[in-house]
Amino acid sequence: MGQDQQGEQSESAGTVVVAGAANLGIAVAKAVAGVFSGSSAMLSEAAHSLADTTTEVLLFTALRRGARPADAKHPFGYGKESYVWAFLAALFTFLAGAGFSIYQGVHTVVAGEESGPALLSYIVLAISFVLEGISFLRAVKQVRGEAERWNTTGRRFLRYSADTTVKAVFLEDSAALIGLLLAAVGIGLTELTGSSVWDGAASIGIGALLLVVAGILAKNNVSLLVGQAVPPRVHEAIREELAGLPTVTRVDTLLTMQLGPDDVLVAAKVDFVDEATGADIEAGSDEAERRLTERYPNIRYVFLDPTSSRRAEGSRSRLEPPAQGSRSADGSGLPTTGPTAARSSGS
């Protein structure tokens, strides 16, 4: 792992620790205020903060476990394990945070429980908003820094980034601030109208908010676990770099995969000029590796399969799934490929 990647991991870990510490203190304060006031929204917010605290622990584990170096059993490293822990964090938010909040809200609406004095709740909500705001601003700063490094916008970075830790902290802090506002509105309307329905409705709203965040994170991590490609813009930029090599006439097939938050694999079938010698192909492969890793430091492995123009069409068809109802030569129904000549930046 390079020095820049180690710095990014350290910054991500710092963001997680700050968010976790803030959420733990906030969860305790909200629970006390919720019990004292009898507010369903405050108890839901306590569950929300407790779920976020547990999520931060799981995300910190994801960072540590996913950063382990490659070995004989896992030659591409342990980057994908970070997505397993991040997926578990999303599940916990879904089950514990959202489930409790919605249940508590429905119970309050149906039973019509009365709430006590709300002063303590307002004080806790105000302090929580400040602390969550600090954590949120730190997450925003990191998102902007990463977006600038990749020469993109913060919105696109959050949409396509394979760093689920930064994305999770940003979304959770955003949801926390919105949840605090929902709780304040629910408690305020309950005091004004004397009806606990508003307090229960706020609790349900907080649960629904957590469902949305958990769903987004779960979907993202599942996609990364099964082998997500790099963003379309980066994919095309990689293709252009390979096609721009002096000895390359075209790139027939380009495959990419996120091996982890900081590791990308690139595999391509490349048509070299007919006059290219073995030495020319080797030099071209070295140049391709140098260009790609210089432009995108997260690219860790580069594999090129030299393909002559006469084999180009056949090579491309063998990499594509067979048409429905067709079968491969071995009768398995799976696409078959020939021998691969490869180079790796990890070698």
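The values are calculated or read from the model by the stated rules, or taken from the named source; none is laboratory data. Computed from a predicted structure; not experimentally measured. When we count neighbours, we look across all protein chains shown, and the Cβ atoms used for this are built from the backbone with ideal geometry, even at glycine. In case anyone asks, the SASA skips ligands and DNA or RNA and just uses the protein heavy atoms, side chains included. Shrake-Rupley method; radii C 1.70, N 1.55, O 1.52, S 1.80 Å.
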Next item on the list: Estimate the FRET efficiency between R233 and R290 by the formula 1/(1 + (r/R0)^6), using the beta-carbon distance for r and 22 Å for R0, to the nearest 0.05.
Entry: 0.55
Checklist line | In sequence order, calculated HN-Hα J values of region 26-38 (Karplus, 6.51, -1.76, 1.60; Hz; x Gly/Pro) | finding: 5, 4, 5, 4, 5, 4, 4, 5, x, 5, 5, 8, x
Notebook entry, point to check: Rounded to the nearest 10 Å², what accessible area does H74 show when all protein chains are kept and the probe is 1.4 Å?
Noted result: 70
Note to self: Once ligands and nucleic acids are excluded and a 1.4 Å probe is used, how much of L131 is accessible, expressed in Å² to the nearest 10?
What the structure shows: 70
Check: Ordered by residue, what ³J(HN,Hα) values in Hz, to whole numbers, does region 136-153 give under the Karplus form 6.51 cos²θ - 1.76 cosθ + 1.60, where θ = phi - 60° and Gly and Pro are x?
Finding: 5, 5, 5, 5, 4, 4, 5, 4, 5, x, 5, 5, 5, 5, 8, 6, 9, 8
Margin query: What are the ³J(HN,Hα) couplings of region 241-253, residue after residue, when phi is run through the Karplus curve with 6.51, -1.76, 1.60 and θ = phi - 60°? Round to Hz, x for glycine and proline.
Written below: 4, 5, 5, x, 5, x, 8, 9, 8, 6, 10, 6, 9
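For region 45-117, which GluC sites (Glu not before Pro) are in a loop by DSSP, counting at most 16 other Cβ atoms within 10 Å? If you can, show how the numbers build up before the last one.
Numbers: sites: E45, E56, E81, E113, E114; in loops: E113, E114.
Listed in order of number, the matching sites are E113, E114.
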